[in-house]
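What follows is a single structure, written as structure tokens, with notes after it.
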Amino acid sequence: VPQVQPRAEELSELYRELSQHPGLSTACLGPDLTTQYGGKYCSLYTEWSQRDLARAENIKFCRQYLIFHDGVSIVYSGPAGTCSEIKDELLSRESPSGTLKAVLRKVPGKEKEKEKQFLEVWDQNRKVKSIDLTALDKHGSVYDDDQFGCLAWSHSETHLLYVAEKKRPKAESFFQSKAPELGTSDEDTGHPKKEDAPIKGEQFVYHEDWGETLSTRSVPVLCVLDIEGNSISVLEGVPEHLSPGQAFWSPEDTGVVFVGWWHEPFRLGLRHCTNRRSALFYVDLTGGRCELLSEDTRAVWSPRLSPDGCRIVYLENNVLGPHQQCSRLCMYDWYTKHTTTVLEAVPRQAWGAFPGIYCGALPGMCWAADSRRILLDTAQRSQQDVFVVDTATGTTTSLTADSPQGSWSVLTIDRDLLVARFSTPSCPPVLKVAVLPAAGCEAQIQWICLQDAPPVPGISWVIRTLQPPPEQEHPQYRGLDFDAILMRPSEGPTAQKPPLVVMPHGGPHTVFTAGWMLYPAALCRVGFAVLLVNYRGSLGFGQDSVASLPGNVGTQDVRDVQLCVERVLQEETLDASRVALVGGSHGGFLSCHLIGQFPDTYRACVVRNPVVNIASMVTTTDIPDWCLTETGLPYKPDALPDPAQLTEMLHKSPIRYVDQVRAPVLLMLGEDDRRVPPKQGLEYYRALKARGVLTRLLWYPGNNHALAGVEAEADGFMNMALWLLKHLQ
């Protein structure tokens, strides 16, 4: 059998080459300008991210383009100048007219000072405001995440709205002996004002946070900067039991619309959890009156105001249950105060029909100029497509049906100029632009590539569909099928009969879409075929598929992956004697199950932050509801799992099959993982060591669940590839 045994230097050179492909994160269209000949053009500002291995960090850079158009089609488009790196920008937002830009910037403190945050306002070619938010001390750090964070211009362009951590009173020891630092003095007594005086005994009070990737987020507040007056006010009127975020100005700037998340009785992890109780609210700026705009028994997020200021669309899920599912699209009419459901959840995906909404968020700018249609991207089985939705009729049209198969994402739409990102498993992200055709003619859209990326040679891929055998059908949801994306090397010594790396995704309610993924592409270039399995329960196949998995983890998902592996080994020219598993989170859960339940199939295994024992995870994770829901049990905040429930969790866990494991296991754990705490991986490591199974553990400080730090990601790839090459010889 032809062998590929590249040395570590060759592997690192390959990784260095492939990791340099940048990701496209944001796009912003400038105002339309007119040439002396009457033609219209505008600038397109884009932000990209790229791994810098030498600096061990992700860098951001921007690039500008010019788009000449006649309102119907794009006449000419091209880059304007080269890239430049963006330093220390946390948030930026152009004003509605496009003449001003707001920037939230972090600035390193001098000597022993802590890092500062400045809010800047830029006019055409100069900075006109630079406000030291840290010195003003009205609030804690400004949120720059996409869960709560925002930076919103008022329609009048005189005020900026953002979200920050609520200011905490200073605390000191009961035994503080030195005089407290003098803050502002009370005019009458000369003593520090009461609000500045430290509170004794509060030093070590526990402050809840919002979990994985949001550990510095506890009590968000809405803040407004009056640009002219250089003053900051923290909005009052938000009820105490709510954490506000995703805010924007109401029509006429009379108040603020925001999403409020309930945080009683305690906070659960929020990242990737679109099932947390939340609602849409309006708080009046003058009276501080807070008004509920949506139902308060659901989960809502991503509110977007129409250009004419009349309608707000947002996404809605049921509370609890699967963390991600097929969502509803709702619309609130600002003037009639009437709410309609534009699109319901879709039970089953069918080609030619709308597949349902499975997205973490709507694009920041998603409305067409007619204030009637919106644009969104969503998973459609194992690809991702762009759809236009008529909010008046609920009709949907694909804008990418006649385009190449892969993964499409909407970056922005403004004045019906549409900007999108496209990639495939063998093609890194490219930048596409188009003019949105008139209503009814959307299928005639013409996409133009504005920034190409050369395809990576030596990778071929195909999407395969599989039907479970009758005995593995779900009794309530019969007839469900699922997909897998098979990537294989199309050149090199192993191209004829490559070894196979099987990768089930995490979640479990997520999906592999046919887009650019660094690890699978790099493994393919090393000489492995890679099988990305979208087992039943994945997004993009209808709500029935999502609902089929809770209560059946460890069996239905495991059998789907194994069926897929056996089928491709039968039907493709692959080396069935050299098969390995790679998986993270729930993908690690499945990988550990598979090497225990089917030890004869797999020769090696690599897992990243795997779920190993649901029963021991339930009390340590930021998402205890996941442990019960996926086990098929009801979750209540005040309920304690009883012995029968703990037994059921253990019964569905891969630790149950550890005695059958023979494949060498490489574990990669993030020290700061709040979702699947590293104690899970350590539990498996000790169990394997006690049974004499070859195992190695990599421990990454400063990394959380995703292990996405540049250094950890690069080291993880090298160790994974070397482990697979060694044990699949």
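Given (1) under 15 Å from Arg608 (Cβ atoms); (2) touching a His at 6+ places or on another chain (Cβ under 9 Å), identify the lone condition not met by Leu694.
(1)
For the range 221-236, give me each residue that is within 16 Å of Leu104 (Cα to Cα), among the aliphatic types (A, V, I, L, M) and part of a loop (DSSP other than H, G, I, E, B).
Selection gives Ile227 alone.
Test Met649 against the stated conditions and say whether it is of a type outside the set (D, E, K, R) and more than 23 Å from Glu713 (Cβ to Cβ). Quick ask: steps written out before the conclusion?
Working: of a type outside the set (D, E, K, R): yes; more than 23 Å from Glu713 (Cβ to Cβ): yes.
In short, yes.
Tally time: how many residues in the range 411-426 are farther than 18 Å from Ala439 by Cα and either open to solvent by 10 Å² or more (accessible area, probe 1.4 Å) or touching a Lys or Arg at 6+ places or on another chain (Cβ under 6 Å) (or both)?
Qualifying residue count, the range 411-426: 7.
In the range 560-578, which residue that is in contact with a helix residue (DSSP H, G or I) (Cβ under 7 Å, 6 or more places away or on another chain) and open to solvent by less than 20 Å² (accessible area, probe 1.4 Å) is farthest from Tyr535 (Cα to Cα)?
Of all residues in the range 560-578, those in contact with a helix residue (DSSP H, G or I) (Cβ under 7 Å, 6 or more places away or on another chain) come to 561-562, 574, 576.
Still in the running and open to solvent by less than 20 Å² (accessible area, probe 1.4 Å): 561-562, 574.
Details: Val561: 6, Gln562: 10, Leu574: 21 Å.
Applying the filter and picking the extreme gives Leu574.
Looking at the range 305-321, which of its residues are open to solvent by 20 Å² or more (accessible area, probe 1.4 Å) and under 20 Å from the mean Cα position of the chain (by Cα)? Show your work before the answer.
Here is the first cut: in the range 305-321, the ones open to solvent by 20 Å² or more (accessible area, probe 1.4 Å) are 305, 307-308, 310-311, 318-321.
Scanning the range 305-321 gives Asn318, Val319, Leu320, Gly321.
Quick test for you: out of Ser177, Ser173, pick the one residue that is modelled with pLDDT under 95 and open to solvent by less than 40 Å² (accessible area, probe 1.4 Å).
Only one candidate qualifies: Ser173.
Okay, residues lined up against (1) without any contact (Cβ under 8 Å) to a residue 60 or more places away in the chain; (2) among the aromatic types (Phe, Trp, Tyr); (3) assigned to a loop (DSSP other than H, G, I, E, B):
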| position | (1), (2), (3) |
| --- | --- |
| Lys337 | yes, no, yes |
| Thr341 | yes, no, no |
| Ala350 | yes, no, yes |
| Ala353 | yes, no, yes |
| Cys359 | yes, no, yes |
| Asp370 | no, no, yes |
| Thr378 | no, no, no |
| Asp385 | yes, no, no |
| Val389 | no, no, no |
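Determine the pairs where a residue that is closer than 19 Å to Leu594 by Cα and assigned by the TED database to the domain that holds Gly587, located within the range 665-687, has a partner that is basic (Lys, Arg) and open to solvent by less than 20 Å² (accessible area, probe 1.4 Å) with Cβ atoms under 7 Å apart, the partner being 6 or more residues away or on another chain.
From the range 665-687, no pairs qualify.
When the range 269-295 is examined, which residues are found to be touching a residue at least 40 places away in the same chain (Cβ under 8 Å), crowded, with 16+ Cβ neighbours inside 10 Å and outside any loop (DSSP other than H, G, I, E, B)?
Leu280, Phe281, Val283, Cys290
Could we say that Phe266 is surrounded by 21 or more Cβ atoms within 10 Å (Cβ to Cβ) and either of a type in the set (Phe, Trp, Tyr) or modelled with pLDDT under 95 (or both) here?
Details: surrounded by 21 or more Cβ atoms within 10 Å (Cβ to Cβ): no; either of a type in the set (Phe, Trp, Tyr) or modelled with pLDDT under 95 (or both): yes.
Here the answer is no, as Phe266 does not meet what is asked.
What number of residues within the range 448-478 satisfy the criterion of being assigned to a loop (DSSP other than H, G, I, E, B), touching a residue at least 40 places away in the same chain (Cβ under 8 Å) and open to solvent by less than 50 Å² (accessible area, probe 1.4 Å)? Steps first, answer last, please.
Here is the first cut: in the range 448-478, the residues assigned to a loop (DSSP other than H, G, I, E, B) are 452-458, 467-469, 473-478.
Narrowing the set further to residues that are touching a residue at least 40 places away in the same chain (Cβ under 8 Å) leaves 453, 456, 458, 468-469, 474, 476-477.
After this cut, where a residue has to be open to solvent by less than 50 Å² (accessible area, probe 1.4 Å) as well, the list is 453, 456, 458, 468-469, 474, 477.
Of the residues in that region, 7 qualify.
Being out of contact with any His (no Cβ under 6 Å at 6 or more places or on another chain) and within 21 Å of His323 (Cα to Cα) is the filter here, so list the residues in the range 510-531 that pass it. Before the answer, list the steps.
Going residue by residue through the range 510-531, those that are out of contact with any His (no Cβ under 6 Å at 6 or more places or on another chain) are 510-511, 513-531.
Residues satisfying the conditions are Thr510, Val511, Thr513.
Of all residues in the range 533-559, which are crowded, with 24+ Cβ neighbours inside 10 Å, under 19 Å from Gln383 (Cβ atoms) and not hydroxyl-bearing (Ser, Thr, Tyr)?
Across the range 533-559, the qualifying residues are Val533, Asn534, Arg536, Gly537, Leu539, Gly540, Phe541, Val546.
Got at least one residue in the range 510-532 being crowded, with 21+ Cβ neighbours inside 10 Å, part of a strand (DSSP E or B) and in contact with an Asp or Glu (Cβ under 6 Å, 6 or more places away or on another chain)?
no
Identify all residues within the range 14-70 that are of a type in the set (Asp, Glu), open to solvent by 30 Å² or more (accessible area, probe 1.4 Å), outside any helix (DSSP H, G or I) and closer than 30 Å to Gly716 by Cα; write none if there are none. I'd like the intermediate steps shown before the answer.
Narrowing the range 14-70 to residues of a type in the set (Asp, Glu): 17, 32, 47, 52, 57, 70.
Checking the rest, the ones that are also open to solvent by 30 Å² or more (accessible area, probe 1.4 Å) come to 17, 32, 52, 57, 70.
Cutting the leftovers down to outside any helix (DSSP H, G or I) gives us 32, 52, 57, 70.
Listed by number, the residues that qualify are Asp52, Glu57.
Mind checking which pairs have a first residue in the range 630-653 that is farther than 14 Å from Leu320 by Cβ and a second that is assigned to a helix (DSSP H, G or I) and open to solvent by less than 60 Å² (accessible area, probe 1.4 Å), Cβ under 6 Å, 6 or more apart or different chains?
Taking only residues 6 or more apart or on different chains, the pairs are Leu646/Ala615; Glu648/Thr631; Met649/Ile614; Met649/Ala615; Met649/Thr631; Leu650/Ala615; Lys652/Thr631; Ser653/Ile614.
Tally up the residues in the range 73-123 that are charged (D, E, K, R), open to solvent by less than 40 Å² (accessible area, probe 1.4 Å) and out of contact with any Ser or Thr (no Cβ under 9 Å at 6 or more places or on another chain), please. Don't jump to the end; show me each part of the working.
The first filter runs over the range 73-123 and keeps only residues charged (D, E, K, R), leaving 85, 87-89, 93-94, 101, 105-106, 110-116, 120, 123.
If we keep only those that are open to solvent by less than 40 Å² (accessible area, probe 1.4 Å) too, we end up with 89, 120.
Okay, now just the ones that are also out of contact with any Ser or Thr (no Cβ under 9 Å at 6 or more places or on another chain), so 89.
Number of matching residues: 1.
Could you tell me whether Val658 is touching a helix residue (DSSP H, G or I) at 6+ places or on another chain (Cβ under 8 Å), of a type outside the set (Lys, Arg) and assigned to a loop (DSSP other than H, G, I, E, B)? It would help to see each step written out before you state the result.
Working: touching a helix residue (DSSP H, G or I) at 6+ places or on another chain (Cβ under 8 Å): yes; of a type outside the set (Lys, Arg): yes; assigned to a loop (DSSP other than H, G, I, E, B): no.
No.
Applying the selection to the range 124-163, what residues are open to solvent by 30 Å² or more (accessible area, probe 1.4 Å) and in contact with a helix residue (DSSP H, G or I) (Cβ under 8 Å, 6 or more places away or on another chain)?
Correct list: His155, Ser156, His159.
In the list Pro355, Pro347, which residue meets the criterion of being surrounded by fewer than 23 Cβ atoms within 10 Å (Cβ to Cβ) and modelled with pLDDT of 95 or more?
On the way: Pro355 fails: surrounded by fewer than 23 Cβ atoms within 10 Å (Cβ to Cβ).
None of the others qualify; the one that does is Pro347.
So which residues in the range 484-501 are modelled with pLDDT of 95 or more and in contact with a Phe, Trp or Tyr (Cβ under 8 Å, 6 or more places away or on another chain), if there are any at all?
Answer for the range 484-501, where residues must be modelled with pLDDT of 95 or more and in contact with a Phe, Trp or Tyr (Cβ under 8 Å, 6 or more places away or on another chain): Ile485, Leu486, Met487, Arg488, Pro489, Pro498, Pro499, Leu500, Val501.
Name every residue in the range 587-629 that is closer than 23 Å to Gln660 by Cβ, open to solvent by 10 Å² or more (accessible area, probe 1.4 Å), touching a residue at least 60 places away in the same chain (Cβ under 8 Å) and β-branched (Val, Ile, Thr), in order of residue number.
none
Quick one: in the range 57-79, which of the residues that are of a type in the set (A, V, I, L, M) and at pLDDT 95 or above is nearest to Glu120 (Cα to Cα)?
To start, the set of residues in the range 57-79 that are of a type in the set (A, V, I, L, M) comprises 59, 66-67, 72, 74-75.
After this cut, where a residue has to be at pLDDT 95 or above as well, the list is 59, 66-67.
On the way: Ile59: 21, Leu66: 26, Ile67: 28 Å.
So, considering only residues that are of a type in the set (A, V, I, L, M) and at pLDDT 95 or above, the one nearest to Glu120 (Cα to Cα) is Ile59.
Those residues that are open to solvent by 20 Å² or more (accessible area, probe 1.4 Å) and under 18 Å from Ala434 (Cα atoms), I need them from the range 360-395; list them, please.
Across the range 360-395, the qualifying residues are Gly364, Met365, Ala369, Asp370, Asp377, Gln384.
The values are calculated or read from the model by the stated rules, or taken from the named source; none is laboratory data. Everything numeric here is computed off the predicted structure, so don't read it as measured data. Positions of Cβ are backbone-derived with ideal geometry, glycine not excepted, and every protein chain shown enters the neighbour counts. Heavy atoms of the whole protein, side chains included, go into the accessibility calculation; ligands, DNA and RNA do not. Shrake-Rupley method; radii C 1.70, N 1.55, O 1.52, S 1.80 Å.
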